[in-house]
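K.L.:
Could you have a look at this structure, given as structure tokens, before my questions?
The values are calculated or read from the model by the stated rules, or taken from the named source; none is laboratory data. Quantities reported herein were computed from a predicted structural model and do not represent experimental measurements. Quick reminder, even Gly has a Cβ in these numbers, built from the backbone with ideal geometry, and neighbours come from all protein chains shown.
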Amino acid sequence: MSLTVTIRKGTEADLPQVHALIVELAVYEKAPDEVTNTIEDMRRDGFGDKSIFEFYVADSAEEGIVAIALYYTAYSTWKGKMLFLEDIVVTERHRRRGIGRLLFRAVVEAAKEGNYQRMKWQVLEWNGPAINFYRSIGANLDEEWTNCNLSKAQLQAFE
């Protein structure tokens, strides 16, 4: 099945479909109960007074939004302003058709236009298709760093 998509900046009206894709990603990553972010949270955080993320969508006339790329500005003490690509999500039935590459290209263009010094992202070690794509474009896959985080409960308990 051929699908024509348009890559465009995401809007507030897109959030219900975007959130559904985020839930689909959590299922794919074997963590379906981990999504606590809501559409209202995303509305506040993406379109409120202090917007902290942006996103692109792959939109089709036939099916609506079939993929997203969500990113935000981060800061490197060594390099300065950098773009952090949080997720590219392509609905399962449309994977391996180049839609993720189109979204990745849009984010790279945003990084260029914004004069970012670096673009970073993460990939799960078992996500072979994504790793192969990143290798094919010449990305640096750094195995030296360990990811760390504190959950909301851990933040509250920290003294």
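K.L.:
Could you tell me which numbered condition V66 fails, if it satisfies all but one of (1) in contact (Cβ under 8 Å) with a residue 12 or more places away in the chain; (2) loosely packed, with under 14 Cβ neighbours inside 10 Å?
P.N.:
Failed condition: (2).
K.L.:
In addition: So in region 90-122, with the set limited to residues that are within 14 Å of the chain's Cα centre (by Cα) and of a type in the set (F, W, Y), which one is surrounded by the most Cβ atoms within 10 Å (Cβ to Cβ)?
P.N.:
Checked region 90-122; the qualifying residue surrounded by the most Cβ atoms within 10 Å (Cβ to Cβ) is F104.
K.L.:
Let me ask something else. What about A130, is it surrounded by 10 or more Cβ atoms within 10 Å (Cβ to Cβ) and of a type outside the set (K, R)?
P.N.:
yes
K.L.:
Let me ask another. Of a type in the set (G, A, S), closer than 16 Å to L102 by Cβ and touching a Phe, Trp or Tyr at 6+ places or on another chain (Cβ under 9 Å) - does that describe any residue in region 47-67?
P.N.:
Yes, some residue in region 47-67 is of a type in the set (G, A, S), closer than 16 Å to L102 by Cβ and touching a Phe, Trp or Tyr at 6+ places or on another chain (Cβ under 9 Å).
K.L.:
Evaluate region 77-84: report whether one residue or more is polar (S, T, N, Q) and closer than 26 Å to V23 by Cβ.
P.N.:
Within region 77-84, the first condition is being polar (S, T, N, Q), and the residues that meet it are 77.
Still in the list and also closer than 26 Å to V23 by Cβ: none.
No, because not a single residue in region 77-84 is polar (S, T, N, Q) and closer than 26 Å to V23 by Cβ.
K.L.:
Looking only at residues that are assigned to a loop (DSSP other than H, G, I, E, B) and modelled with pLDDT of 95 or more in region 102-159, which one is farthest from E54 (Cα to Cα)?
P.N.:
Restricting to residues being assigned to a loop (DSSP other than H, G, I, E, B) and modelled with pLDDT of 95 or more, the top hit is Q117.
So that you can scan it fast, the table gives a plain yes or no per residue for (1) in a helix (DSSP H, G or I); (2) modelled with pLDDT of 95 or more:
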residue: M1; (1), (2): no, no
residue: T4; (1), (2): no, no
residue: R8; (1), (2): no, yes
residue: V23; (1), (2): yes, yes
residue: V27; (1), (2): yes, no
residue: P32; (1), (2): no, no
residue: R43; (1), (2): yes, yes
residue: I65; (1), (2): no, yes
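K.L.:
Another question, then. I'm trying to understand the selection: among the residues of region 70-84, which are assigned to a strand (DSSP E or B) and either without any contact (Cβ under 8 Å) to a residue 40 or more places away in the chain or aliphatic (A, V, I, L, M) (or both)? Explain how you work it out, then say what you get.
P.N.:
Going residue by residue through region 70-84, those that are assigned to a strand (DSSP E or B) are 70-76, 80-84.
Residues satisfying the conditions are L70, Y71, Y72, A74, Y75, G80, K81, M82, L83, F84.
K.L.:
Write out, first by first residue and then by second, each pair whose Cβ atoms fall under 8 Å of each other, whose residues are 6+ apart or on separate chains, and whose first residue, in region 122-147, is over 18 Å from R96 (Cα atoms) while the second is assigned to a loop (DSSP other than H, G, I, E, B) and modelled with pLDDT of 90 or more.
P.N.:
As it stands, the answer is L141/V123; N147/Q122, since those pairs meet every condition given.
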